[in-house]
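A.B. asks: Attaching a single structure in structure tokens format; questions to follow.
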Amino acid sequence: MRNKMYMKLGMIAVAGASMAAANAQSNGASGLSARVGVFFPSNNLAQNLSSTWFVFGADLKLSGFGASVPGTGLNSYLGLSADYYYHGSDSDIPVALTYNLRAGQMVYSAGIGPDFRNSGDLTSTGVGIGEQVAATYEFGNMPTPMFIQAKYFFSSRPELSGFGVYLGIRF
């Protein structure tokens with residue numbers, strides 16, 4: 001029952017991001033990116049590197065909201081980011097407003113927002129505030145813009161914090 005609720009919340013977030021994509025300008029044509037990868041929870045990383053979780057997510061550039069440009073040759077923009085990672089009965093859906101800084105083929109971002117989490121029992125289910133930081137490398141000269149991304153999630157539940165590695169595309 002709880003997992004269905006989290007999936008619905010995640011679908012609503014992705015649907016909202018998709019509807020706004022028509023107005024967005026970004027690194028890709030529409031400003032929407034999708035990614036898939038693996039997540040390593042930080043509390044298990046030192047003990048067991050084989051404790052990997054499946055993770056996927058989407059980003060949307062918010063073209064209607066300007067962000068200050070910190071220097072020459074740099075671009076910056078605000079965005080929305082939503083991810084879903086799970087393993088067994090543990091899951092998390094961090095949604096964040098992000099500040100993104102582009103320098104050539106690298107994009108650095110940091111964000112904060114609601115963290116919809118489930119740590120396997122009813123007492124650990126809820127919403128908190130989560131943060132994230134990421135570094136992304138975009139491959140140049142490709143018909144479909146592809147990227148690799150490393151992202152660290154700071155969940156409101158420490159057992160759901162950790163490191164994600166993604167492969168993605170921009171639309």
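The values are calculated or read from the model by the stated rules, or taken from the named source; none is laboratory data. Everything numeric in this text was worked out from a predicted model, so none of it was measured. Because the Cβ atoms are built from the backbone with ideal geometry, glycine has one as well, and the counts that use them run over all protein chains shown. For the accessible areas, the whole protein counts, side chains as well, though only heavy atoms, and no ligand, DNA or RNA atoms are used. Shrake-Rupley method; radii C 1.70, N 1.55, O 1.52, S 1.80 Å.
A.B. asks: So, in segment 51-78, how many residues would count as being among the aliphatic types (A, V, I, L, M), touching a Leu at 6+ places or on another chain (Cβ under 8 Å) and closer than 17 Å to I148 by Cα?
C.D. replies: Total satisfying the criteria: 2.
A.B. asks: Still on this structure: E159 fails exactly one of the following numbered conditions: (1) touching a residue at least 40 places away in the same chain (Cβ under 8 Å); (2) assigned to a strand (DSSP E or B); (3) not polar (S, T, N, Q). What is the number of that condition?
C.D. replies: (2)
A.B. asks: Please give the number of the condition A134 fails out of (1) in contact with a Ser or Thr (Cβ under 9 Å, 6 or more places away or on another chain); (2) within 19 Å of N43 (Cβ to Cβ).
C.D. replies: (2)
A.B. asks: Between a first residue in segment 124-149 that is within 17 Å of S109 (Cα to Cα) and of a type in the set (D, E, K, R) and a second residue that is open to solvent by 70 Å² or more (accessible area, probe 1.4 Å) and at pLDDT 90 or above, which pairs have beta carbons less than 7 Å apart while being 6 or more apart in sequence or on different chains?
C.D. replies: Listed by first residue and then by second, the contacts come to E131/I112; E131/F154; E138/Q105.
A.B. asks: Kindly indicate whether A58 is surrounded by 13 or more Cβ atoms within 10 Å (Cβ to Cβ) and touching a helix residue (DSSP H, G or I) at 6+ places or on another chain (Cβ under 8 Å).
C.D. replies: yes
A.B. asks: Moving to a separate point now. Just name the residue that is nearest to the chain's Cα centre (by Cα) out of those in segment 21-42 that are assigned to a helix (DSSP H, G or I) and at pLDDT below 50.
C.D. replies: Step by step, filter segment 21-42, then rank; the result is A21.
Conditions (1) surrounded by 17 or more Cβ atoms within 10 Å (Cβ to Cβ); (2) on the phi > 0 side of the Ramachandran plot; (3) of a type in the set (A, V, I, L, M, F, W, C), marked per residue:
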site	(1), (2), (3)
V95	yes, no, yes
M106	no, no, yes
N118	yes, no, no
G130	yes, no, no
V133	no, no, yes
G140	no, no, no
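A.B. asks: Does segment 79-89 hold any residues that are out of contact with any Leu (no Cβ under 7 Å at 6 or more places or on another chain) and not in a loop (DSSP other than H, G, I, E, B), and which are they?
C.D. replies: S81, A82, D83, Y84, Y85, Y86, H87
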